[in-house]
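> Sharing a structure with you now.
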Amino acid sequence: MDNATLLLVDDEEEIIKLMQIYLKNEGYRLLTARDGMEALEIVTKEPIDLMVLDIMMPRMDGLEACIKIRETQKFPIIMLSAKGQELDKINGLSVGADDYVTKPFSPLELLARIKSQLRRIRNYMPKSQDEIVIDGLLINSSTHEVSVDGHQVKLTPREFAILELLARNAGQVLSMEQIYCKIWKESFFEGNNTLMVHIRKIREKIEANPRKPIYLTTVWGVGYKIEKRG
């Protein structure tokens, strides 16, 4: 989700500082609170896209805070707790949490959980006809903006046109000739590697690993396609 605002609620300063580094590096806007009461105050003043909420905190713990937040808010909540017992997990999920991470945790694991929750809500948000959403890939035909897992990607006009064409035909294989003729408005001839160069550049921008693409794939001997997913 573009420019998502996250609220991290934890009374451990080390966790706050550690996750600030990871989350800000990913481009998220991060707000922090040290207990449930402070979190409730922030929620009434700021639009929040996702909350990471510790259970064991002074003044108001995470369970009570979650119950009160769920009275008015539907954004995803990921619970944190030093307790790993099944009952604690059940309690957290039963009061409205969407996910649960046990301390100590890997910052990369928590980051992956956050991205997963943001991707889930984006996929179920009402979409305009100008938007194409394929898993974490968002293409806006009106603004010519592209983002992957909430992070904006800058494409040239021709790269955008290729990606949009494939996305609007997600799940279908388009031949090199079909793509070239549609985008360049001229005849395609064998040995012309212009399209291949553009495909490579697009992958470098939208794929985590361009050598193992998950969005823009090659169907050998046929052409290219955008995988159709939720």
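Computed from the coordinates by the stated procedures, all read-outs in this text should not be read as laboratory data. Keep in mind that what you see is a predicted model, and the values were worked out from it rather than measured. Glycine also receives a Cβ, built like all others from the backbone with ideal geometry; neighbour counts cover every protein chain displayed.
> From the Cα gyration tensor of segment 1-74, with a ≥ b ≥ c the square roots of its eigenvalues, which class applies: rounded if a/c is under 1.5, or else prolate if a/b is larger than b/c, or else oblate?
oblate
> Of Val52, Thr5, Ile139, which is farthest on the positive side of the dipole of the chain, counting Cα position, with +1 on Lys and Arg Cβ, -1 on Asp and Glu Cβ, and the Cα centre as origin?
The listed residue farthest towards the positive side: Ile139.
> Amide H of Lys103: which non-local residues (sequence gap of 5 or more, or other chain) have their own amide H closer than 5 Å, using H built in the peptide plane?
Here Ser81, Ala82, Lys83 satisfy the definition.
> Where does the charge balance sit around Pro210 when Lys and Arg score +1, Asp and Glu -1, over other residues with C-beta under 14 Å from its C-beta?
+3
> Once phi is turned into θ = phi - 60°, what whole-Hz ³J(HN,Hα) does the Karplus curve with 6.51, -1.76 and 1.60 give for every residue of segment 15-30, x standing for Gly and Pro?
Using θ = phi - 60°, the values come out as 5, 4, 5, 5, 6, 4, 4, 5, 6, 5, 5, 8, x, 7, 8, 10 Hz.
> While we're on this one: In terms of modelled amide H atoms, which long-range or inter-chain residues lie less than 5 Å from the amide H of Val52?
Leu7, Leu8, Val9, Ile78
> Any of Lys24/Lys205; Lys17/Lys212; Lys24/Lys45; Lys24/Lys154; Lys74/Lys115; Lys103/Lys212 with alpha carbons more than 28 Å apart? Name them for me.
Lys17/Lys212; Lys103/Lys212
> All other residues with a Cβ under 10 Å from the Cβ of Phe160 taken together, and with Lys, Arg as +1 and Asp, Glu as -1, what is their net charge?
Result for the local shell: -1.
> Treating the beta-carbon of each Lys and Arg as +1 and of each Asp and Glu as -1, no other charges, what is the dipole magnitude of the chain about its Cα centre, to the nearest 20 debye?
Result for the chain is approximately 920 debye, rounded to the nearest 20.
> Which value, in debye to the nearest 20, describes the size of the charge dipole of segment 5-124 about its Cα centre when Lys and Arg Cβ atoms bear +1, Asp and Glu Cβ atoms bear -1, and nothing else is charged?
Once rounded to the nearest 20, the dipole reads 540 debye.
> Over all directions, how big on average is the projection of the convex hull of the alpha-carbon atoms in the chain, in square nanometres?
For the chain, the mean projected area of the Cα convex hull comes to 14.2 nm².
> What do you get when you divide the Cα radius of gyration of segment 131-226 by 2.2 N^0.38 Å, with N the number of residues?
Compared with the compact-globule rule of thumb, segment 131-226 sits at 1.01.
> Now a separate question. For Trp220, Trp184, what ranking results if the residue with the fewest other Cβ atoms within 10 Å of its Cβ goes first?
Ranked by crowding around the Cβ, least crowded first: Trp220, Trp184.
> Within straight cross-link reach of Lys201, meaning Cα distance under 13 Å, which aspartates and glutamates are found once same-chain residues fewer than 8 apart are removed?
Glu159
> Another question, then. Out of Thr217, Leu195, Leu31, whose Cα points farthest toward the positive end of the dipole of the chain (charges: +1 Lys, Arg; -1 Asp, Glu; placed on Cβ)?
Leu195
> Under the rule of -39500 (n - 2.57) per DSSP H run of 4 or more residues, summed and divided by the residues of the chain, what mean residue ellipticity at 222 nm is obtained, to the nearest 500 deg cm²/dmol?
So the calculated ellipticity at 222 nm is -12500 deg cm²/dmol.
> A further question follows. In what order do Val222, Val133 fall by count of nearby beta-carbon atoms within 10 Å, going from fewest to most?
Val222, Val133
> Here is a further query. Can you put His144, His151, His198 in order of Cβ neighbours within 10 angstrom, beginning with the fewest?
His144, His151, His198
> Further question on the same structure: Can you tell me the dipole magnitude for segment 154-217 around its Cα centre, using point charges on the Cβ only (Lys, Arg +1; Asp, Glu -1), in Debye to the nearest 20?
260 debye
> I would also like to ask the following. Calculate, axis by axis, the spread of Cα positions in segment 5-124 along the three principal axes, and write the results as whole Å, longest axis first.
So the three principal-axis extents are 32, 30, 28 Å.
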